[in-house]
Amino acid sequence: MKNLIPYFLLFFTACQSYTPWRSEWRNKNEVEVFYAAVSAKASPQAIESGSLAMRRSTCVNATNLLSTSPRLTSILLEQESIQLNEVETKDLARLISSHKIKPKQDSCQSEDIGYIFVSQAWETCQCLYIIEYPGGRNQFRQDLTQVK
């Protein structure tokens, strides 16, 4: 039975279910910050190569590209369930850019659901970014009001 424990652990690890992260405001060290969940896909070359390290690297790099200001603006707006017209969205993006917010990558996970053989792991991934919006959610809502 002792010899089977490593196999059970391997099986359990391989069969874990993927739980997507949500974008949301949270309190961190008594400061309100925004956690943005960003999904992306590994490069076609990485997928074709069969290299797990290359799939992971290109997938995470893709989330970094998607965590820039325009995408950040849309993620924040989605969270507030607010629709802006094109001019208002550009104004808000400019306002957010003026805050010089640098999203910080918190963690990443493969979006692939428990494969026993990891041939498809990291073809798609999700990373969580911490966004310290100056003044937190209240300031963001004031910025929204200013733009509308």
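No lab work stands behind these numbers, since they all come straight from the coordinates. Predicted model, so just to flag it, every value in this text is computed and none were measured. Cβ atoms come from the backbone with ideal geometry, glycine included; neighbour counts cover every protein chain shown.
Extents of segment 17-112, largest first, come to 43, 32, 23 Å (Cα atoms, principal axes, whole angstrom).
What does the net charge come to around Gly135 if you take all other residues with beta carbon closer than 15 Å to its beta carbon, with K and R at +1 and D and E at -1? With Lys, Arg at +1 and Asp, Glu at -1, the net is -1. Measuring r between the beta carbons of Thr19 and Ser57 and using R0 = 22 Å, the FRET efficiency lands at 0.45. Among the listed pairs Lys28/Lys148; Lys28/Lys90; Lys104/Lys148; Lys41/Lys148; Lys28/Lys102, those with a Cα-Cα distance over 25 Å are Lys28/Lys148; Lys28/Lys90; Lys104/Lys148; Lys41/Lys148. Computed extension length for Lys100-Leu65: 11.0 nm, one decimal, from 0.36 nm per residue of separation with the Cα-Cα distance subtracted.
In plain terms, the chain from Glu80 to Gln109 could stretch by 7.9 nm, reckoned as 0.36 nm per residue minus the Cα-Cα distance.
Between Ser49 and Asp91, the modelled labels are 4.6 nm apart [label points 7 Å from Cα along Cα→Cβ].
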